[in-house]
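**Q** Shown below is the structure under consideration.
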Amino acid sequence: MNKLIQLPASVFRLVLIVLPMLLYAGYLGLIAADRFVSDSVVSVRQDNGSASEVPGAAMLLAGFGSPSHTDTLYLREYMHSQNLILKLEDRLSLRAHFAAAGADYPFKLSAHASTEDFVSYFRDRVEVIYDDRASLLHLRVQGFAPAFSQQLNQAILDASEQFVNEASHRIARERLRFADGELERAGQRLKSARADLLAFQNKHQLLDPMLAAQASGVLSNELEASRSRLEAELNGLLGFLNEGAYQVKALRGQIAALNQQIRAEQSRATTGGKQGARLNQLALEFQGLELQASFAGDAYKLALGAVENARIDATRKIKSLVVVEPPSLPETAEYPRVIYNLATLFAVCVLLYAVVRLVVATIREHMD
């Protein structure tokens, strides 16, 4: 311990500053593999046009709306998902590329790395930065070759676009299946309501009891008007003829026939007749059946429109991956940052040297 304390300052400088700097500089110059970074910027946009809101052909002309915050976060997680990583491995042989870093073991993927280690390594090399203000994803992909980093970046974007489209289409297909079921049920209700209406008409032999009741009322009014005219004519004849006159008897017979006809029409409309039911009651029942059929028809139209809208949503692009900046082809290696790393190591070494010198000086002072 005493020998270590008595060492000159030049030895401490050599061990704590010069030697680490030389070793790290040798690593950077001889061993470290250049890593190139390909950048891209994307966002998930949802179509403004909704099949349930925009009618007809105008829906097909609707533009893109604001970025989808939730979908962008889903996409960020998907870009680091094991499923995507394994797909890219089959397509681009990622293991072979990341294992071809020579002797740069700190940044080299082991040829015998497990799936978990491979996924962790991929996530360290593929950086996904989320801009919450603009709902943008900044994708930074590292590779040991410029063309490979750009190719990997583009492959991630292609898979991401497929993920966004498939997710929106899957929801649209579920809506379509639900709408088809509702259409079938609405069709059955409409068919049943129309069958009930037809059975009612056949049973009572009336096309429209409401029109029959109105016709009966019109006929009763006309009969009462005719009776009033005959009664007025009869009163005029009684002024100069007796009850036994032929004209008086004829008018009284006509008035009696009109009274009988009026009572028959009133009885048919209110107390029932040969049909076994009153016209006013039949009219109310018919009106209820007609309303049910009309409601079922309206429901069928709505269900049919919903099916058509869902079918359009299932085939068109509801959400799209908007590439704000396509994958770049790097010309110079971004990593390792030689000057930055050397400056950082030098600062740490100097700080460590100062601490050691302070400790040694303190010990020497107490020994003296």
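**Q** Does at least one position in region 146-153 carry a residue that is more than 14 Å from ASP34 (Cβ to Cβ), of a type outside the set (Gly, Ala, Ser) and touching a helix residue (DSSP H, G or I) at 6+ places or on another chain (Cβ under 9 Å)?
**A** Yes, region 146-153 contains a residue that is more than 14 Å from ASP34 (Cβ to Cβ), of a type outside the set (Gly, Ala, Ser) and touching a helix residue (DSSP H, G or I) at 6+ places or on another chain (Cβ under 9 Å).
**Q** Output the residue which, of all residues in region 330-360 that are within 25 Å of PHE148 (Cβ to Cβ) and among the polar types (S, T, N, Q), is surrounded by the fewest Cβ atoms within 10 Å (Cβ to Cβ).
**A** It comes out as THR332.
**Q** Take the residues of region 289-328 that are of a type in the set (Ser, Thr, Tyr) and over 17 Å from SER168 (Cβ atoms): which is modelled with the lowest pLDDT?
**A** If we filter region 289-328 for residues that are of a type in the set (Ser, Thr, Tyr), which is where we start, we get 294, 300, 315, 320, 328.
Now narrow it down to the ones that are over 17 Å from SER168 (Cβ atoms): 294, 300, 328.
Details: SER294: 87, TYR300: 83, SER328: 94.
Going through the qualifying residues, I end up with TYR300.
**Q** Could you check ALA58 against (1) crowded, with 17+ Cβ neighbours inside 10 Å; (2) part of a helix (DSSP H, G or I); (3) modelled with pLDDT under 85; (4) not charged (D, E, K, R) and say which number it fails?
**A** Among (1) crowded, with 17+ Cβ neighbours inside 10 Å; (2) part of a helix (DSSP H, G or I); (3) modelled with pLDDT under 85; (4) not charged (D, E, K, R), the lone unmet condition for ALA58 is (1).
**Q** Within region 156-199, track down each residue that is in contact (Cβ under 8 Å) with a residue 24 or more places away in the chain and polar (S, T, N, Q).
**A** SER160, ASN165, SER168, SER192
**Q** Check whether at least one residue in region 354-368 is at pLDDT 90 or above, touching a helix residue (DSSP H, G or I) at 6+ places or on another chain (Cβ under 6 Å) and outside the structural domain of ASP124 (by TED's automatic domain parsing), and report yes or no.
**A** No, region 354-368 contains no residue that is at pLDDT 90 or above, touching a helix residue (DSSP H, G or I) at 6+ places or on another chain (Cβ under 6 Å) and outside the structural domain of ASP124 (by TED's automatic domain parsing).
**Q** Separate question: Looking at this structure, is ALA186 out of contact with any Lys or Arg (no Cβ under 8 Å at 6 or more places or on another chain), modelled with pLDDT under 90, under 30 Å from ILE255 (Cα atoms) and of a type in the set (A, V, I, L, M, F, W, C)?
**A** In short, no.
**Q** Could I ask something else about it? Any idea which of (1) surrounded by fewer than 16 Cβ atoms within 10 Å (Cβ to Cβ); (2) over 60 Å from the mean Cα position of the chain (by Cα); (3) at pLDDT below 70 is the one GLU265 doesn't satisfy?
**A** (1)
**Q** Let me ask something else. Tell me whether region 291-310 contains one or more residues that are touching a Gly at 6+ places or on another chain (Cβ under 7 Å), under 30 Å from GLU182 (Cβ atoms), surrounded by 13 or more Cβ atoms within 10 Å (Cβ to Cβ) and not assigned by TED's automatic domain parsing to the domain that holds LEU139.
**A** yes
**Q** If the requirement is being over 30 Å from PRO336 (Cβ atoms) and of a type in the set (A, V, I, L, M, F, W, C), which of these qualifies: ALA167, ALA155, ALA147? Even if it seems obvious, please write down each step before you answer.
**A** Values: ALA155 fails: over 30 Å from PRO336 (Cβ atoms); ALA147 fails: over 30 Å from PRO336 (Cβ atoms).
Among ALA167, ALA155, ALA147, only ALA167 is over 30 Å from PRO336 (Cβ atoms) and of a type in the set (A, V, I, L, M, F, W, C).
**Q** For PHE64, are the conditions met, namely being at pLDDT below 90 and within 30 Å of ALA145 (Cα to Cα)? Can you show your working first?
**A** Values: at pLDDT below 90: yes; within 30 Å of ALA145 (Cα to Cα): no.
In short, no.
**Q** If you take the residues in region 135-182 that are β-branched (Val, Ile, Thr) and modelled with pLDDT of 90 or more, which one is farthest from SER40 (Cα to Cα)?
**A** ILE156
The values are calculated or read from the model by the stated rules, or taken from the named source; none is laboratory data. Model, not experiment: these values are computed from the prediction. Counting neighbours? That spans all protein chains shown, and the Cβs are built from the backbone with ideal geometry, glycine included.
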